[in-house]
């Protein structure tokens, strides 16, 4: 999604110089080589930012170090990795209109009107986060409902899942979207009967019809968005992130930050399609840059849409919309051709698949290509939200990584029940069943679709309950994970998914010194308290990047 920010300013300090550092007097916990729990009470980090020694009770401490930090008995744990997020969109979402907390159409309209009044200089009103399900609207919102509050300039607002956009009349007019505009392949224009006039919402590939009319952000806007996103991630304890859908412009912003010393979060990048993959990587994945802070791993491909906008491709019609089974954004042949082009040059492939038909198609494509492209490919399926139980065993073949988002289950629960009906829920958000096949599991947030909060994800993974404690006993509780499994999915599993194992993800000798000081032990606290974990400090490569005690409100 494009954004336009006027008058943005960026203030980012370069990283401090590295030195030997001893973190002492901590209640340390990490995962060992088998994902078991290891306890320790000290950490020695070298001047290169890597761990020299994990110190256990009674072990001799070094006689001299440059810096010693007294942890005052706080819990020290590995820095967390978000295996699926959209880095630049996190920043842009924080800098534009946010509708994610609105509970009704009227509340959203009031917020849109107030935002437009507060920003009279912005030629477009841009934002995201609306959710007609949360509003209990029973339908998509309309252009007329936007025109009622802002009619003097274009308004373009992305749905919370990023798979649909809501436009007012001026935006549709500037984009040239009319009753004569045909639905693009893999997209849908919601229309008002009679006459087929665009109603205001465009789904999946139709989004680009309006996006192309939105003025692109400046380089300064992108750099501000990146700095903002990094701050939000570090505050939540996220030290590394897989960026799903990197454009060449995003990559240039990442590189500028790396060059000037303000790239603080590790980014495992997946290009937005083959064209961006070639522009960024050229003949193959890039090397690790900036002390393991940036690498282009591969490419992100979209196979279907999202459940909330009924774009996820299902094997059978939607229970609450029998006239549709969702959208396929690529045919089987197109998918395999794109995968082959990337795999030929050893780019890792990440396939967005939400509906059960899309997941079955992704699994079939991987099975076909794995016969030609041998070796450690780590084929990724992103989301794997709705899977036919008959297809679950297929995840255990060909070295597949299931990249999933626990908070989607708690956010989508009632919507999924309505979309699927009671007889198709057994393979929904089936983390434990997929892990039991031997597939590697990596957890993330899909931010800004959800908050980039790994502790909320950990709590959802072990309870299958939302922040309200509902439903009692958990939704499809047979899919709950142990705390160790959930923590691994946010650390060692997420690192493995991005070819980063041995570099970061564990607190062990030779890996990067990425860790958190938190106010409670995530392996011992109650589920409700786990969700409320406070990050006191975030360290990346032996450097303090976030300190709650010094953070501005």
Computed over the Cα atoms of the range 227-280, the Rg and Dmax in Å are 11.4, 33
Rh (Kirkwood, all Cα-Cα pairs) for the range 442-548, Å, reads 14.8 Å
MRE, 222 nm, helices only [DSSP H, n ≥ 4, -39500 (n - 2.57), over the chain, to nearest 500]
-8000 deg cm²/dmol
Assuming 0.36 nm per residue, please report the length gained on full extension of the stretch residue 508 to residue 119 beyond their Cα-Cα distance.
135.1 nm
In the range 291-442, what percentage of the DSSP-assigned beta bridges are antiparallel, given to the nearest 5?
15 percent
Sorted by average packing, counted as other Cβ atoms within 10 angstrom per residue and highest first, what order do 386-395, 99-108 take?
386-395, 99-108
Cα-Cα pairs in the range 24-72 separated by more than 13 Å, as a whole percent of all pairs, come to 62 percent
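I'm a student and want to see the number: the projected area of the Cα convex hull of the range 345-478, averaged over all directions, in nm².
Averaged projected hull area, Cα only: 8.3 nm².
Plugging the Kirkwood radius over Cα pairs into Stokes-Einstein for the range 150-221, at a temperature of 20 °C and a viscosity of 1.002 mPa s, what D comes out in µm²/s?
For the chosen part, D equals 172 µm²/s.
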Give me the Å³ per residue figure for the convex hull around the C-alpha atoms of the range 83-233.
125 Å³
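Applying a 10 Å radius around every beta-carbon, put 429-439, 81-91, 115-125, 192-202 in order of their mean neighbour count, most first.
Sorting 429-439, 81-91, 115-125, 192-202 by mean packing, highest first, produces 81-91, 429-439, 192-202, 115-125.
Suppose we look only past 19 Å in the calculated P(r) of the range 198-291. What percent of the Cα-Cα pairs does that tail hold?
Numbers: 2175 of 4371 pairs.
In whole percent, the long-distance tail amounts to 50.
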For the chain, one quarter of the surface area of the C-alpha convex hull, expressed in nm², comes to 24.2 nm²
Taking a point 7 angstrom from the Cα of residue 324 along the C-beta vector, which residues in the range 126-145 have backbone N less than 12 Å away?
139-141
Note on the chain, DSSP bridge orientation, antiparallel percent to nearest 5 equals 45 percent
Only Cα pairs under 8 Å and at least 6 apart count here; give the relative contact order of the range 415-526 as a rounded whole percent.
21 percent
Need one number: nm distance between label points at residue 180 and residue 104, each 7 Å from Cα along Cα→Cβ, rounded to one decimal.
4.1 nm
Spin-label model distance (nm) - residue 501 vs residue 136, 7 Å beyond Cα toward Cβ
4.7 nm
I'd like the orientation of helix 248-260 relative to the chain: the angle between its Cα long axis and the longest Cα principal axis, in ° from 0 to 90, rounded to 10.
30 degrees
Quick check: the angle from helix 219-235's long axis to the longest principal axis of the chain, C-alpha only, nearest 10 degrees?
60 degrees
Between residue 144 and residue 346, what's the calculated FRET efficiency when r is the beta-carbon distance and R0 is 56 Å? Round to 0.05.
0.65
Just to be sure I understand the model, the point goes 7 Å from the Cα along the line to the Cβ. What's the resulting residue 63 to residue 337 distance in nm?
6.9 nm
For the chain, what relative contact order do you get, as a whole percent, if you take Cα pairs closer than 8 Å and at least 6 residues apart?
17 percent
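Given the Cα atoms of the range 120-172, and with Rh set as the inverse mean 1/r over their pairs in the Kirkwood sense, what is Rg to Rh to two decimals?
0.97
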P(r) weight above 22 Å for the range 14-103, C-alpha pairs, percent:
47 percent
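A short reminder: the numbers here are calculations on the coordinates, not readings from a lab. Source: prediction; values computed, not measured. A quick note on method: Cβ atoms are made from the backbone with ideal geometry, for glycine too, and the neighbour counts reach across all protein chains shown.
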